[in-house]
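A short reminder: the numbers here are calculations on the coordinates, not readings from a lab. Being a predicted model, the structure only gives us computed values, none of them experimental. Heads up, the Cβs are rebuilt from the backbone with ideal geometry, glycines too, and the neighbour counts pull from every protein chain shown.
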Amino acid sequence: MLTIDLNADLGEGFGRWQVADEHDVLPLVTSASVACGFHAGDPLTMRRTVALARRHGVAVGAHPGYRDLVGFGRRDLGASPQEITADVVYQIGALAAVCRAEGVPLRYVKPHGALYNRAVVDAAAADAIAEGVRLADPSLALLGLAGSALVAAAERAGLRAVGEAFADRAYLAGGRLAPRGRPGAVLDDAGAAVRQALDIVREGRVRTLDGATHELAAGSLCVHGDNPHAPALLRALRAAFARAGIAVAAFAA
């Protein structure tokens, strides 16, 4: 039977500002990538999100990004490899402490936003992220865009590398995500997102914006937690997977 992990980026509020209804999202995913305080999140938000993940039996991962609260981590700050490694170690350490306090194992790391996208093609940045994970805890899996430089860096570092694909984002030729400013980059239509997800899981391929087909191997499928349609999309995905005989389970359980 085919099996796929469903992950969402969560814990991305800050103080009184919240971007997702995590009580609706968390019961529908199998992995939660929790912001670590740089692009979003604060100690109380982190603890609440981890506790909620524990309640629903959801695997927890660290979601480190650039130090960019104003830009939600979606601006490339051009950090050096040394800065990236140190920042990744720092953020993993923060969430690992929260997980220990809540009695929840930390399972994996997934970079956020501009740092994630940089590591798709920038081998030095990808190696810096992988080195940060290795130094913090080499037992952690590293989740990155399927076929990217980050997945290759994780393998070089001796980490468990897991390819990720996206249900709610469009792809460019070559397998990169379409920039958010490009029309059609975010799939708001649940039907289109479900069709894309089924192609990824069953066929190992995705249709790109230029009409081509790109092959990929994904162990986890992401739906962005800050998407207001995330709960509805996740319910549609789970229903479609059930009809297709596809099991949903955490890759890092």
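Have a look at the DSSP beta bridges in segment 89-194 and tell me what percent are antiparallel, nearest 5.
Working: 2 of 9 bridges.
Around 20 percent antiparallel, to the nearest 5.
Pairwise Cα distances in the chain exceed 26 Å in 32 percent of cases. Rounded to the nearest whole Hz, the Karplus-based 3J(HN,Hα) values (6.51 cos²θ - 1.76 cosθ + 1.60, θ = phi - 60°) of segment 150-163 follow the sequence 5, 4, 5, 5, 4, 5, 4, 7, x, 8, 6, 9, 10, x, with x at glycine and proline.
Using amide H atoms built in the peptide plane, which far-off residues or other-chain residues are under 5 Å from Arg205 H to H? Correct list: Ile200, Leu216.
Multiplying the residue separation of Asp21 and Ala86 by 0.36 nm and subtracting their alpha-carbon distance yields 20.3 nm. In this structure, the amide hydrogen of Phe14, modeled 1.01 Å from its nitrogen in the peptide plane, lies closer than 5 angstrom to those of Gly41, counting only residues at least 5 positions away or on a different chain.
With contacts defined as alpha carbon pairs under 8 Å and 6 or more residues apart, what's the relative contact order of segment 3-248 in percent? The partial results should precede the final answer.
On the way: 534 pairs, mean separation 48.3, N = 246.
Taking the mean separation of contacting Cα pairs over the length of segment 3-248, I get 20 percent.
Using θ = phi - 60° in the Karplus curve 6.51 cos²θ - 1.76 cosθ + 1.60, the 3J(HN,Hα) couplings for segment 175-185 round to x, 7, 6, 5, x, 4, x, 7, x, x, 5 Hz; x is entered for Gly and Pro. Centre-to-centre, using Cα atoms only, segment 1-45 and segment 69-100 are separated by 16 Å. Karplus-based coupling profile of segment 231-245, in residue order and whole Hz: x, 5, 5, 5, 5, 5, 5, 4, 5, 5, 5, 4, 5, 8, x, with θ = phi - 60° in 6.51 cos²θ - 1.76 cosθ + 1.60 and x standing for Gly or Pro. Under 12 Å from the Cβ of Ala232, count the other residues' Cβ atoms, weight Lys and Arg +1, Asp and Glu -1, and hand me the total. Net charge in that neighbourhood comes out at -3.
The amide H of Ala141, built 1.01 Å from its N in the peptide plane, has Tyr108, Val109 as neighbours under 5 Å, considering only residues 5 or more places off or on other chains. Whole-percent P(r), segment 140-253, all Cα pairs, 10 Å bins from 0: 14, 45, 34, 7.
Using alpha carbons only, how many angstrom separate the centre of segment 204-242 from the centre of segment 111-130? The two parts, judged by their Cα centres, are 22 Å apart. So for segment 71-190, averaging the separation of alpha carbon pairs under 8 Å that are six or more residues apart and normalising by length, what relative contact order in percent results? RCO, segment 71-190: 21 percent.
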